[in-house]
1. Could you check how many residues of the range 293-309 are assigned to a loop (DSSP other than H, G, I, E, B), within 24 Å of the chain's Cα centre (by Cα) and under 13 Å from ASN231 (Cβ atoms)?
2. Can you pull out the residues in the range 98-127 that are among the charged types (D, E, K, R) and either assigned to a helix (DSSP H, G or I) or more than 15 Å from LYS143 (Cα to Cα) (or both)?
3. For ARG262, are the conditions met, namely being farther than 25 Å from SER43 by Cα, more than 12 Å from the ligand (Cβ to nearest atom), out of contact with any Cys (no Cβ under 8 Å at 6 or more places or on another chain) and not polar (S, T, N, Q)?
4. Among the residues of the range 272-314, which ones are touching a residue at least 60 places away in the same chain (Cβ under 8 Å) and either near the ligand (Cβ under 8 Å from one of its atoms) or in contact with a strand residue (DSSP E or B) (Cβ under 8 Å, 6 or more places away or on another chain) (or both)?
5. For the range 98-134, which residues satisfy the criterion of being within 20 Å of VAL182 (Cα to Cα), of a type outside the set (A, V, I, L, M) and surrounded by 16 or more Cβ atoms within 10 Å (Cβ to Cβ)?
6. What are the residues in the range 186-245 that are among the basic types (Lys, Arg) and farther than 23 Å from THR283 by Cα, if any?
7. Among the candidates ALA230, ALA209, single out the residue that is under 22 Å from the mean Cα position of the chain (by Cα), more than 10 Å from the ligand (Cβ to nearest atom), of a type in the set (Gly, Ala, Ser) and within 24 Å of ASP26 (Cβ to Cβ).
8. For the range 188-210, give me each residue that is closer than 19 Å to LEU178 by Cα and among the polar types (S, T, N, Q).
Amino acid sequence: RNLKKHYTSPKRWLQPEKPAIQAVDDVSFSVAKGETLSLVGESGCGKTTTAKSVLRLVEPTSGSVKLDGEELVGLGSEPLRQRRREMQIIFQDPYASLNPRLNAGEIVAEPLRNFGVGNAKERAERVQWLFSKVGLRPEAAKKYPHEFSGGQRQRLGIARALALQPKLIVCDEPVSALDVSVQAQVVNLLMDLQQEFGIAYLFVAHDLAVVRHISHRIAVMYLGHIVEVANRDTLFSAPRHPYTEILLSAVPVPNPRTPAKRILLQGDPPSPANPPTGCRFHTRCPLAQPVCAKEKPPLSPRGDGEQLVACHFR
Ligand code: SF4
């Protein structure tokens, strides 16, 4: 709720007038058990910072993050470490996130060891069970990360994230470094695991085809704000916010007979150190009116109440 992450320069005393970078500014959302909520938007919109703030891998400037009703912001290091059992992350680059000096079995067993789960034999059995769940062969346990393909490495990352039976997994662009054919396998694996274990995913991605496949709901971010939230079908069939419309118009149309109606976004995103007043999108919005530069539109319900939109005119 009302999550903010503003970055100030470590040498702020040298340049006190230098404004903070408002990477995430007043963002609120929830993710239910067994649900996938995706965060989408162009590079630098704050989606990864938001996701990492939820896990407190990035310390929020202000706001509240609750897991099962328990506040995580301000929690001391040991209680937070215990709650981290229930919140895991899968990274974009599986290779960079795996320790090259450990074999695959040790990598997946590491979180179990860190939390003192079972003895060595029980952990080895659990590793084998996790391998079977993510489609890795038992003998893969003896291999090192460089011996796996990109897709297999990401399966390994998923097995490690699953080891402690988390309630929430933050997926930070988990398939964007993989070949397209492998992307589908990994996304389908994530969906199967969600069905089986009821895990909630906070899914950060810029590939809207992937997002459409995996999401239940989607939150669209622009310059540190959420500008629209809707369930997947509503967002893709009836987007309301002008930025969402522009973003979706960039998705390629598979049928060559259907003319593509691509809308081009004018200009570059403004600096998050000096964001526009009022609606942050007004400097690029084709529908902008004078009021848009003066008044910030609240994120408020439309239609059946499940679609939330931050726009004065939509
Ligand atoms: Fe565009 Fe105004 Fe709506 Fe912002 S509030 S999206 S500038 S029409």
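The values are calculated or read from the model by the stated rules, or taken from the named source; none is laboratory data. What you see is a predicted model, and the numbers here were worked out from it, not measured in a lab. Note that each Cβ is placed from the backbone with ideal geometry, even for glycine, and that neighbours are counted across all protein chains shown.
1. 2
2. GLU106, GLU110, ARG113, LYS121, GLU122, ARG123, GLU125, ARG126
3. Answer is no for this residue.
4. PRO272, ALA273, PRO275, LEU299, ARG302, GLU306, GLN307, LEU308, VAL309, ALA310, CYS311, ARG314
5. Within the range 98-134, PHE131, LYS133 meet the criteria.
6. ARG212, ARG217, ARG232
7. After ruling out the rest, the residue left standing is ALA230.
8. Across the range 188-210, the qualifying residue is only ASN188.
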